[in-house]
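Right, one structure below, let's go through it.
The values are calculated or read from the model by the stated rules, or taken from the named source; none is laboratory data. These numbers were taken from a predicted model, which means no experiment stands behind them. Protein only, heavy atoms only, side chains kept; ligands, DNA and RNA dropped before computing areas. Shrake-Rupley method; radii C 1.70, N 1.55, O 1.52, S 1.80 Å.
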Amino acid sequence: MLFGPMIMGQTICSYRDSGYFYYPYFQWIDSIWASGEVPLWNPFCDFGYPLVGDASSSIFYPGKAIFLFRSLEYSARYGLYLGIHVLIAATGTYWLGRILGADKSGATLGAIGYAFGGSYLFQVTNVIFLVSGAWLPFVWICLWKMMGGNQPLVWTIGASLSTAMMILGGDPQMAYHVGLIGLALLFAESARIPMSDTTNHPRLRFFAGRMGWLIAWVVGTTMLACIQLLPTYQWSQMSERAYQDEAGNVYGLIFSDLKNGNAKMASSLFESPVGVDGHRYQFSQPPWSIVEWIWPNVS
């Protein structure tokens, strides 16, 4: 019922970014595929740029296979694309609830609350976040099982696949955030292990073992999503954000010196930047965001 009118061609979900950007963007990309070519270049923006360098294009995301059913109108395929990801989100949340001990009613309520709650469902207006949010419960499941110690290889592969779907779907920053979740979960689970056995050091052994699987998760995700990660990183280095005269954090201070050979004053960390780099200061900065001078995006 939610996406039915769109699938039936009666209406189009076109609020905000969905209408201004994603709907026509995906339609243009689909037309390139339909012509028998691989959409690698966008000539309509900034005098042209490599399409795969834009993560939001998600041209190699497997979920885009729904657009191959060209017997349907494009609006119907776009509606199916949105609806399927809401279904994926609900399925993953239900499974996660069952793993955490909820009965069927509780898991169903959790699935409805997440997939059809405002925070997630509103992302139909920003499709790449809808996609990454759909895979988030599956990453949680795999991380939880990985920490449990049963078949860690299987769950590491599952976590890599789910996280790669986030990146290929257009939201590499969510992959960074689930990496933080994985680290937090590792520390939390390690803290639960008693330290009574000082001979075998069970807490240290657990931490080292699970850290190895987390590293394998990162490597596996990188390998699966490298077709999107590498061009995106390379193109991001051409952005004016990469060439600022002021440092927004310690990394910007250090790596700009290494890259450009221009010494930056440490005082620029405490000054109000101008231009593109100053846009973030147009929004309220909570006190805890000060730590992002050292660890960007951690909050």
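Quick notes on this one:
- Listed residues Ser56, Ser71 arranged by accessible area, highest first, probe 1.4 Å: Ser71, Ser56
- Exposure of Ile112 as accessible area (Å², to 10), given a probe of 1.4 Å and all protein chains: 90
- Surface accessible to a 1.4 Å probe, Arg77 within the full protein complex, Å²: 20
- The stretch 1-83 - percent of accessible surface contributed by carbon and sulfur, probe 1.4 Å: 63
- Gap separating the Cα centres of the stretch 124-168 and the stretch 177-191, nearest whole Å: 14
- Rolling a 1.4 Å probe across the protein heavy atoms gives the stretch 173-218 an accessible surface of 61 Å² per residue.
- Solvent-accessible area per residue in the stretch 1-55 equals 64 Å², computed with a 1.4 angstrom probe and all protein chains kept.
- The stretch 110-237, accessible surface, carbon-and-sulfur percent (1.4 angstrom probe): 71
- Solvent exposure, largest accessible area first (probe 1.4 Å, DNA, RNA and ligands not counted), of Asp103, Asp54: Asp103, Asp54
- Computed over protein heavy atoms with a 1.4 angstrom probe, the accessible surface ordering of Leu229, Leu100, Leu186, largest first, is Leu100, Leu229, Leu186.
- Accessible area (Å², 1.4 Å probe, nearest 10) - Met6: 10
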